[in-house]
1. Kindly work out what percent of the DSSP beta bridges joining two residues of the chain are antiparallel, to the nearest 5.
2. What does the charge count around Ala52 come to, taking other residues whose C-beta lies under 13 Å from its C-beta (Lys +1, Arg +1, Asp -1, Glu -1)?
3. Rounded to the nearest 20 debye, what is the charge dipole size of the chain about its Cα centre when +1 sits on each Lys and Arg Cβ and -1 on each Asp and Glu Cβ?
4. Could you do me a favour and compute the accessible area per residue for the stretch 68-215, 1.4 Å probe, result in Å²?
5. At 25 °C and a viscosity of 0.890 mPa s, what translational diffusion coefficient does Stokes-Einstein give for the chain, taking Rh as the Kirkwood radius over Cα pairs? Give it in µm²/s as a whole number.
6. Roughly how much of Tyr12 is accessible, in Å² to the nearest 10, using a 1.4 Å probe?
7. Counting only helical runs of four or more DSSP H residues, what would the 222 nm mean residue ellipticity of the chain come to if each run contributes -39,500 (n - 2.57) and the total is spread over all its residues?
8. Among Ala229, Leu121, Gln81, whose Cα sits farthest toward the positive end of the charge dipole of the chain (+1 at Cβ of Lys/Arg, -1 at Cβ of Asp/Glu, about the Cα centre)?
Amino acid sequence: MTPRPVIGISTYLTTAAWGRFDHRLAVMLPERYPALVRASGGLAVLLPPDAAEHAPAAVARLDGLVIAGGEDIDPALYGEQPHPRTEALAPERDTWEAALLRAAAAVRLPVLGICRGMQLLNVVRGGSLLQHLPDLVRHEGHAGGPNSYGRHLVRPVPGTLLSGLLPEPGVVVPTSHHQAVDRLGERLTVCARAEDGTVEAVEDSTGAGFVLGVQWHPEQGEDLRVMQALVGAAATARAGRLVPVG
């Protein structure tokens, strides 16, 4: 049996309660992330925040990387002051996940950024964020409701990697965000937009392996194609590393 590609997923560092314990610091991730990896043919492993210098060693043990959704990114990382609606900062995640992205780029590890993950990919490559999207689009349609995800249409850009994965003119996706890409990072191209013009996906523009970020939450839906593409790229990368030399 061919081993399943190992897909690392970044995690939250937050307080939680369980059993007799209340307000304990915990490493957490919504279960639907690893479930989506499993359903797509991968083996999910969780990556708790760690020191940045350990990122290359972590990446060396992976076949693919998912940077998960979560808290807002510190605006200082793209040279801005916080908007009044920017909150729930997670500096330990910013540092660790940025290091993971840089380590992954150094070895061309396949990467998928989801929501916050896409935004951080853009920031790591020198881009910036709209800190409160409703200020621009004048609606809350990207945010979803209390304890629920919204849904809206995204349109893949023809000729991109993403349009090959999602060939329909439009796809309805689960969504929950109030920030979005503003200035596009280096070596990235926009590969999907919402009908209001919001950037909904970015991908590497250089052809340097599989690097894709989506603003929506594929783990909250039934469409496996984006994660299957990551797992497929990870399997190909793994096979290339295991080919005997000589």
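The values are calculated or read from the model by the stated rules, or taken from the named source; none is laboratory data. Values in this document were obtained by computation on a predicted structure and should not be read as measured data. Ideal geometry is used to build each Cβ from the backbone, glycine not excepted, and the neighbour counts take in all protein chains shown. Ligands, DNA and RNA are stripped out before the accessible areas are found, and what is left, the full protein with its side chains, is counted by its heavy atoms. Shrake-Rupley method; radii C 1.70, N 1.55, O 1.52, S 1.80 Å.
1. Values: 24 of 39 bridges.
Beta bridges within the chain, antiparallel portion: roughly 60 percent.
2. Details: positive: Arg93, Arg102; negative: Asp50, Glu53, Glu92, Asp94, Glu97.
So the surrounding residues net to -3.
3. Details: 21 positive and 26 negative charges, 154 e Å.
Roughly 740 debye, rounded to the nearest 20.
4. Values: 6220 Å² over 148 residues.
Accessible area per residue, the stretch 68-215: 42 Å².
5. On the way: Rh = 18.3 Å.
Answer, rounded: 134 µm²/s.
6. Its accessible surface works out to 50 Å², give or take rounding.
7. Details: 7 runs with 67 residues, N = 246.
So the helix-based figure for the chain works out to -8000 deg cm²/dmol.
8. Highest projection toward the positive end goes to Ala229.
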